[in-house]
Amino acid sequence: MSFRYRFAYYLIGFTLGLFFVTAVFMGKDTRCNYFPNARVLNNMRTKPFEFSPKAVAQMKQCQVDSTDIKNSLTYGDVDFDKSNIAVAKGGKRYIIEGRNSKQQSITLEVVNYENRAVLTQVTKP
């Protein structure tokens, strides 16, 4: 069999394979969270998110709103040197560094429980 025919068979198989893969994964909410930062932030985003009264007061003082918190949970960086510390009641504390809508740095302290995540502190460094 000549190279042309082998290449044609390869392209036909490759095209059918791409069609199959896109058909299988098209309607699913698939994510590729291989790195620890992405896994922690995705875990927090999928749980019910709550605000402590202290955090609400600090949000008003630092001029941070819930959209800034949501963006920080999507695009922020987890500081693992200060994070992953066990807290009372079975949660772990994570420090997330993000930005608000004015591109100013903000630091979030979130306690990640098994069934919810609670924002405990918001600071502007």
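Using only Cα atoms, tell me the angle between helix 66-75 and the longest principal axis of the chain; keep it within 0 to 90° and round to the nearest 10. Long axis of 66-75 versus the principal axis of the chain: about 50 degrees.
Summarising the label geometry, the points placed 7 Å from Cα in the beta-carbon direction at F49 and F3 lie 5.5 nm from one another. Averaging Cα coordinates gives a centre for the stretch 1-58 and one for the stretch 102-125; these two points are 27 Å apart.
Within the listed set N115, N42, N84, the Gaussian network model of the chain (springs between alpha-carbon atoms below 10 Å) gives the highest mean-square fluctuation for N115.
With contributions of -39500 (n - 2.57) from each DSSP H run of at least four residues, the per-residue ellipticity at 222 nm computed over the chain stands at -14000 deg cm²/dmol.
Taking one quarter of the surface of the convex hull spanned by the alpha-carbon atoms of the stretch 1-89 gives a direction-averaged projected area of 10.9 nm².
Label-to-label distance, N84 versus N33, with points set 7 angstrom from Cα along the beta-carbon direction: 1.5 nm. Rounded to the nearest 10 degrees, the inclination of helix 3-25 to the longest alpha-carbon principal axis of the chain is 30 degrees. Against the main long axis of the alpha-carbon atoms of the chain, helix 53-62 sits at an angle near 80°.
Simple rule: put +1 on each Lys or Arg Cβ and -1 on each Asp or Glu Cβ in the chain, find the dipole, and look at G27, T120, G17; the Cα lying farthest toward the positive end is G17. The residues K70, K92, sorted by heavy-atom accessible surface at 1.4 Å with ligands and nucleic acids left out, run K70, K92 from largest to smallest.
The values are calculated or read from the model by the stated rules, or taken from the named source; none is laboratory data. Bear in mind the structure is a predicted one, so any value in this text is a computation, not a measurement. A quick note on method: Cβ atoms are made from the backbone with ideal geometry, for glycine too, and the neighbour counts reach across all protein chains shown. All accessible areas refer to the heavy atoms of the entire protein, side chains included, with ligands and DNA or RNA removed. Shrake-Rupley method; radii C 1.70, N 1.55, O 1.52, S 1.80 Å.
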